[in-house]
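Values in this text are rule-based calculations from the coordinates and carry no lab data. Quick caveat, the model's predicted, so the values are computed rather than measured. Virtual Cβ from ideal backbone geometry, glycine too; neighbours counted across all protein chains shown.
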Amino acid sequence: MPSPIHPAWLPEQASTPLATAVHVAGTGPLVATVTDEVRAATGLHGGHLEQDPGAARLLLLTLDRARGLAGDTAVSRVLDALDSGPASPERYAVVRSGDRTVVVGEDDHGLLYGTFALLRHGAGEEVLVRRPGHRSRMLDHWDNMVSHPVMGTVERGYAGDSLFFSDGAVRADLGRVARYARLLASIGINGVAVNNVNVHRAETGLLGPLLPEVARIADVLRPWGIRLHLSVSFASPIVLGGLATADPLAEDVVRWWAEAAERLHTAVPDFGGFVVKADSEGQPGPFAYGRDHADGANVLARALAPHGGVVHWRAFVYDHRQDWRDRSTDRARAAHDHFAPLDGRFEPDVVLQVKHGPIDFQVREPVSPVLAAVPATTVAVELQLTQEYTGQQRHVCYLGPAWSQVLTFGLAEQGTRPVHELVQGGVVGVANVGTDEFWTGHPLAQSNLFAFGALAWDPTADPDVVLREWAGATFGSHGDDVVDTVCAMMTDSWATYESYTAPLGIGFMVRPGHHYGPDVDGYEYTPWGTYHFADREGIGVDRTRATGTGFTGQYPSPWRERYEDLATCPDELLLFFHHVPYTHRLRSGRTVVQHVYDTHLAGVERVEELVRQWAALEGRVEAGVFVRVQERLAEQRRSAQEWCDQVCTYFLRHSGIPDEHGRLIHP
Ligand code: GCV
């Protein structure tokens, strides 16, 4: 018997009662989905579908249909509100006017999102108009067709196997994908790349013999307004096409990509486009042919151009065969060094996909300077939902606050222009789901999927409000006090994770390979470019222009000056930018070493409190959820202690400075 699948934030009881006569009208394929959704919801609460709009109590309309009903007072209120603002694809408006409720979508996508908004929140008497902050809101799955001996079927996956693939093929039963797509639609996701950016031989076939299988997945995603994207290997013309080269300027290569795009478009008419990791961590790319990344991206973009679709070209390009003895090479610099000089050379349908920080999804990094360095290029920011470096879905770590900080960070124009305005190519997240019965392994990690959707739609949303909304939808039927407890546990969980792991922005310190648990020197003498340079005097990476790698110079003002100067560099990023003595005093007044002791010991105490907070919910939440979270918290408690002990002991041994408060730090 397969385990039941958890409903996440869409349990039946979370929808607003719609005991009413419902009229649905519009154009576009998603209108059928909307009809099914309200039929299910009204069926639950005793309503029915109504042909006559005049007799309906709930009207769900696309804008073109709403215009035909402008004589209706409630509809005309919505039209007035929509007409008083700028038109925007996917926009919707919702209102309750007397005993009638109206939802109007600018298009069928807007109607779908408006319907979910109504089901979740109901309607108020003021017309609520909402439009997405980003046109593209996409999830990248790092799913493999064939199970990798180390990574399994999902690279950095902590929630079971791939939803899409099994044993080298697309799953015969895509029922779970359909449920997933519904969850995604309810939070406004409109694109999914189904396979890993590390493309192996098996996945190359997705562009060729396996196209009908790709089309099957696209057919399941389409009714939910989600376009399918594929990660492709730059070497596909060789591996799949049998050509002698993948040189992007070679005529037969240009032709091969054009034919591949044509085939794709025939099989999947709304194909979203390609995602490419090139010249990075062993993936092939244009450097092999003496070409640059604009040459590489453009050949794919030109192939897609006649059909629509974009190329998400990743900026995650760095030397992973670095010599740790060479202190001048700095992995943080790499993306800017490679891509800033190419600004203005990319085809319009290339989106440069930039990880939010310059290294690799660490618990704390500065915002990547690349996001402000290529104004003539369309840029997307990449976030990581799957908790590779943030506890691997064994630790509670609500990432909404971290992403909110990135999206609202004033990076450009003297600190006045936030990241969310710079990323015209939208927001991309590395997915955190799999075949696990709770979707995300740790049931509370569902919050990260929910928050990604919410912040991709509205990057200015308050992550605490988003958390409460998620907790209310997921646990609301168990009582407000349960929701309060869950929120209280999670609101500072990112800060808690940071407090007992790598301090002050230094990053890594994880076990090499799988990246779980502490190993302070694990990466110190490796080729991966992620070092902390601790010695008996101090720790940190000097990335200043004055004496270090010069990385600070990649930032626009005021950040280049602020990060350069010890006096103005924010404490939480101190060791990212500076090598300082253990006795360096932070703005808090504490020394670096004392900060490490204090935060790590407090972090463990906070996890102990989490264990107690959750224990109080026994019998108040579904038993399966209770047990799973309880098990994960026990592991988080163990792991937090291990982190605390190793990091504190490391600092004690290197500095020789004991804790000011005389607490036990293992010598
Ligand atoms: C998909 C990190 C991860 C890799 C991942 C890579 C990337 O290095 O550890 O597993 O590969 O980022 O984003 O391409």
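With an 8 Å Cα cut-off and a minimum separation of 6 or more residues, compute the relative contact order for the range 1-147 in percent. Intermediate results must be reported in sequence, preceding the final value.
Working: 246 pairs, mean separation 34.0, N = 147.
Relative contact order, the range 1-147: 23 percent.
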key: Residues listed by number, the range 541-559, amide nitrogen under 18 Å from residue 323 label point at 7 Å toward C-beta   = 549
query = Highest mean first, what order results for 565-578, 98-111, 73-86 on Cβ atoms within 10 Å?
reply = 98-111, 565-578, 73-86
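Report the local net charge at residue 9: Lys and Arg +1, Asp and Glu -1, summed over other residues whose C-beta lies under 13 Å from its C-beta.
+2
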request  = Please give the helix 175-186 orientation as an angle from the longest Cα principal axis of the chain, in degrees from 0 to 90, rounded to the nearest 10.
outcome  = 90
note = Counting only DSSP beta bridges with both partners in the chain, the antiparallel fraction in percent, to the nearest 5, comes to 35
ask   = Once the other residues with Cβ under 11 Å from the Cβ of residue 551 are scored (Lys, Arg +1; Asp, Glu -1), what is the net sum?
value = +1
query = Taking the Cα centre of the chain as the origin, how large is its charge dipole in debye, to the nearest 20, when only Lys and Arg (+1) and Asp and Glu (-1) carry charge on their Cβ atoms?
reply = 120
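How big is the equivalent ellipsoid of the range 1-160 along its three axes, where each semi-axis is √(5λ) from the Cα gyration tensor, reported in whole Å from largest to smallest?
Numbers: eigenvalues 241, 79, 33 Å².
Those come to 35, 20, 13 Å.
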task = Please compute the net charge surrounding residue 434, taking Lys and Arg as +1 and Asp and Glu as -1 over other residues with Cβ under 9 Å from its Cβ.
result = -3
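Grab the beta carbon distance between residue 618 and residue 13, set R0 = 22 Å, and tell me the FRET efficiency rounded to 0.05. Can you show the working numbers first?
Details: r = 21 Å, r/R0 = 0.95.
Using R0 = 22 Å, I get an efficiency of 0.55.
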task = Along Cα→Cβ, 7 Å out, is where each label goes; now give me the distance between the ones at residue 521 and residue 630 in nm to one decimal.
result = 4.1
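Summarise the long-distance tail of P(r) for the chain by giving the % of C-alpha pairs beyond 35 Å.
On the way: 98411 of 222111 pairs.
Tail fraction, whole percent: 44.
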note = So the angle from the long Cα axis of helix 211-221 to the longest Cα principal axis of the chain, reported in degrees to the nearest 10, equals 70
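Give, in nm to one decimal, the length gained when the segment between residue 587 and residue 259 is fully stretched (0.36 nm per residue of separation minus the Cα-Cα distance). Walk me through the intermediate numbers first.
Details: separation 328, 0.36 × 328 = 118.08 nm, distance 5.94 nm.
Result: 112.1 nm gained on full extension.
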task = Please go through the range 264-321 and write out the trypsin sites (Lys or Arg not before Pro) that DSSP classes as loop and that have at most 14 other C-beta atoms within 10 Å.
result = 321
note = The set of residues whose placed amide H lies less than 5 Å from the amide H of residue 153, leaving out same-chain residues fewer than 5 positions away, is 148, 162
inquiry  = To test your reading of the geometry: what angle, between 0 and 90 degrees and rounded to tens, separates the Cα axis of helix 463-475 from the longest principal axis of the chain?
reply    = 60
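Can you tell me how much longer the chain between residue 413 and residue 337 gets when fully stretched, taken as 0.36 nm per residue apart minus their C-alpha distance, in nm with one decimal?
Result: 25.3 nm gained on full extension.
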task = Show me 150-161, 112-123, 610-621, 656-667 ranked by packing, highest mean number of other Cβ atoms within 10 Å first.
result = 112-123, 150-161, 610-621, 656-667
ask   = Given 5 Å bins starting at zero, what is the percent of C-alpha pairs of the range 514-667 in each, up to the one with the largest pair distance?
value = 2, 8, 14, 16, 16, 14, 11, 8, 6, 4, 1, 0
ask   = Label points 7 Å out from Cα along the Cβ direction at residue 637 and residue 84: separation in nm?
value = 5.5
